[in-house]
Amino acid sequence: MAAKPKLWYFCGRGRMESIRWLLAAAGVEFEEEFLETREQHEKLQKDGRLLFGQVPLVEIDGMELTQTRAILSYLATKYNLHGKDLKETVRINMYAEGTLDLMMMVAVAAFKPPEEKEESLALVVKKAKTQHFPVFEKILKDHGEDFLVGNKFSWADIQLLEAILMVEELDASVLSDFPLLKEFKTRISNIPTIKKFLQPGSQRKPPPDSHYVEIVRNVLQL
Amino acid sequence: MATKPKLHYPNGRGRMESVRWVLAAAGVEFDEEFLETKEQLQKLQDGNHLLFQQVPMVEIDGMKLVQTRSILHYIADKHHLFGKDLKERTLIDMYVEGTLDLLELLILHPFLKPDDQQKEVANMAQKAIIRYFPVFEKVLQGHGQRFLVGDQLSLADIILLQTILALEEKIPNILSAFPHLQEYTVKISNIPTIKKFLEPGSKKKPPPDDIYVRTVYTVFMP
C-alpha cells in the first residue's frame, strides 16, 4: 500500500493551504508534520530535504517536492484535475494563478504591521470584487456549466472556492453581486470530499492569528 | 500559415522577458505591441482582452493568455521543453519556480527607492550564491550532462540562463565559485536559437533604465 503523502509546514494556512485543499478534494489522505522550532527547520535544511532551503515540502511518490506551484501542478495532474488537453490546462492554470495571487496577498498581510495589514486586506477585498470575481461570474454565465473548465471538476474550481471562502472571512457580503458564484460556492462545497474538508476536525487550517505569525517568525528568523 | 504570437507589454524586460526568452529558444518568431500610455492599457482592459486586467498578455493559438507562469508552461509544453514525463516535468517545474523567485528580485529592483537599490543588489547576490547556485552547480556536477534535466533543453535551462546573465550585468563575478555553472552558461548560450537571441538586433530587451521605469509608472499608476 502506498504511503500517504506527508506535508511539512507550520500549523497554519500560509503557502501550504492550497495544497491541503487539493489533496482533500481529490480524496487523498495525508499526514502532516508541523514546524514549531528553528531546530526542526534547520534539520530539514541540513538533511538536504529542501531543494532551495524552504518549505512547503511534500513527500509523495518517493519524491521530496518543494515550490508551492510545482507541488500544486503535480497533484493536479496526478489526480486528473488539470484538464484534458493543453488548452484546458492553460485555462485552469490562468484561473488558478489568479486566485493564488489573491490568496497569497492574504497570507502575506498577516505579517505586516496592523495599519498596513488592514490596508492590504481591504485591497484584497477590492481586487476580489473588481478584478477576480466578475471574471469568474462571467465565465460561469457564458458557458452555463457547473464547473469553470471543460464541464468537469478541476483544480481551478477548488482554488476558486478556497479564495471565495477566504475573502468572505474578510467581508461576508463579498458575493452579493455575484449570484452564479453563490451557486458555485454551494455546489462545490457540497462535493463529498470537500464537504468533509469543510467540517470541523478536518485538516483545514484557521486564518492566521498572532500566535501563528510568531511561530513562523521564530522558526524562519524573520 | 499560423499567425505569430503577439506580446502585449511595455518595451522592456519586466515579467515578459522570460516569455521572450522561451519563444526565442523554441525558435518561434513573435510580434510585440508595446504599452506606452495609460490609454492603451485602458483599451485592452475595456475590450476584455486581459483576463484579470493585467499584462503580460500573449495572443497565441487563438487565445489571450495571461499570468506569466501559465504562459511559460503553455509554450514549454507545446515546444517540448517540459521533460518527457511527469517526474521530469515536476523537477523542471521546481527548478523554474526557484529561479523565478530569484528573478523576481531583479524584476522589482528598478522600482525600489534609490537608497534601497544598492542594498538589494547585495541581497540578490547573497541569495544567488547561497541558496540557488549551489543547487544547480550540484545538479550539473552530479549527472555531468549538458542540461539540468533529462539530457535535453528545458524551460529550467532557459530561465536559469536568463537569470544568470541578468545577475552578471549587476554582479560580474557572480559565478566565480561555480565552475560547472560557468561552463553551462557558455554551452547554453551557444545553442543556435539562444545564440541568435543574444546577438544585437534580437527582441531581447536591455536592462531596465529610467525611461522604462517612467513608462511603467505612466501606464500602470492609477
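3J(HN,Hα) couplings calculated from phi for region B:138-151 with the Karplus curve 6.51 cos²θ - 1.76 cosθ + 1.60 (θ = phi - 60°) are, in sequence order, 5, 4, 5, 5, x, 9, x, 8, 6, 10, 5, 10, x, 6 Hz; Gly and Pro show x. Have a look at A:Leu50, A:Leu86, A:Leu140 and tell me which one the Gaussian network model of chain A (Cα, springs below 10 Å) gives the largest fluctuation. Judging by the Gaussian network model, the answer is A:Leu86.
With each label modelled as a point 7 angstrom along the Cα→C-beta vector, the A:Glu116-B:Asn190 pair spans 4.7 nm. Given just the C-alpha atoms of chain B, how large is their convex hull per residue in cubic angstrom? Once divided by residue count, the hull of chain B is 131 Å³.
DSSP bridge analysis restricted to the protein assembly as shown gives an antiparallel fraction near 65%, rounded to the nearest 5. With no solvent and one point per C-alpha, what does the Debye sum give as log10 I(q)/I(0) for region A:86-190 at q = 0.16, 0.17, 0.23 Å⁻¹? For region A:86-190 at q = 0.16, 0.17, 0.23 Å⁻¹, log10 I(q)/I(0) is -0.67, -0.75, -1.26.
Taking a point 7 angstrom from the Cα of B:Glu88 along the C-beta vector, which residues in region B:122-161 have backbone N less than 16 Å away? Within reach of a label on B:Glu88: B:143-158. Here the gap between A:Gln40 and A:Val108, fully extended at 0.36 nm per residue and compared with their Cα-Cα distance, gives a gain of 22.2 nm. What is the average number of partner chain Cβ atoms found within 10 Å of a Cβ in B:123-134? Mean number of neighbouring Cβ atoms from other chains: 1.
With a 10 Å cut-off around each Cβ of A:43-52, the average count of Cβ atoms from other chains is 2.
Based on alpha-carbon centroids, what's the gap between region A:168-222 and region B:19-33 in Å, whole number please? Centre-to-centre (Cα) distance: 39 Å. If R0 is taken as 45 Å, the Cβ-Cβ distance between B:Asp77 and B:Thr37 corresponds to a FRET efficiency of 0.85. Among the trypsin sites (Lys or Arg not before Pro) in region A:81-123, those located in a DSSP loop and surrounded by at most 12 other Cβ atoms within 10 Å of their own Cβ are A:Lys84.
Counting only other chains, what is the mean number of Cβ atoms within 10 angstrom of the Cβ of each residue in peptide B:81-93? If you average over the peptide's residues, the count of other-chain Cβ atoms is 3.
As a calculated quantity, the FRET efficiency between B:Val121 and A:Ala172 at R0 = 41 Å, using C-beta atoms, amounts to about 0.35. Karplus-derived 3J(HN,Hα) values for region A:175-186, using 6.51 cos²θ - 1.76 cosθ + 1.60 with θ = phi - 60°, are 8, 4, 9, 10, x, 6, 5, 4, 5, 4, 4, 4 Hz; glycine and proline are entered as x. If the Kirkwood radius is taken over C-alpha pairs of the protein assembly as shown, then at 37 °C and 0.692 mPa s the Stokes-Einstein diffusion coefficient equals 143 µm²/s.
Using the alpha-carbon atoms, what tilt in degrees (0 to 90, nearest 10) does helix A:210-220 show relative to the longest principal axis of chain A? Its long axis makes an angle of about 50 degrees. Computed from Cα positions, the angle between helix A:86-109 and the longest principal axis of chain A comes to roughly 60 degrees.
The 3J(HN,Hα) values that the Karplus relation (6.51, -1.76, 1.60; θ = phi - 60°) gives for region A:39-44 are, in residue order, 4, 4, 5, 5, 5, 4 Hz. Gly and Pro appear as x. Working note: 222 nm ellipticity from helices only, DSSP H runs with n ≥ 4, each -39,500 (n - 2.57), summed and divided by the residues of the protein assembly as shown, gives -17000 deg cm²/dmol to the nearest 500.
The Rg/Rh ratio of region A:1-147, with Rg taken over Cα atoms and Rh as the Kirkwood radius over Cα pairs, comes to 1.01.
Each value in this text was obtained by applying a stated rule to the coordinates, not by laboratory testing. All values reported here derive from a predicted model rather than from experimental measurement. Don't worry about glycine lacking a Cβ; one is built from the backbone with ideal geometry, like all the others, and counts go over all protein chains shown.
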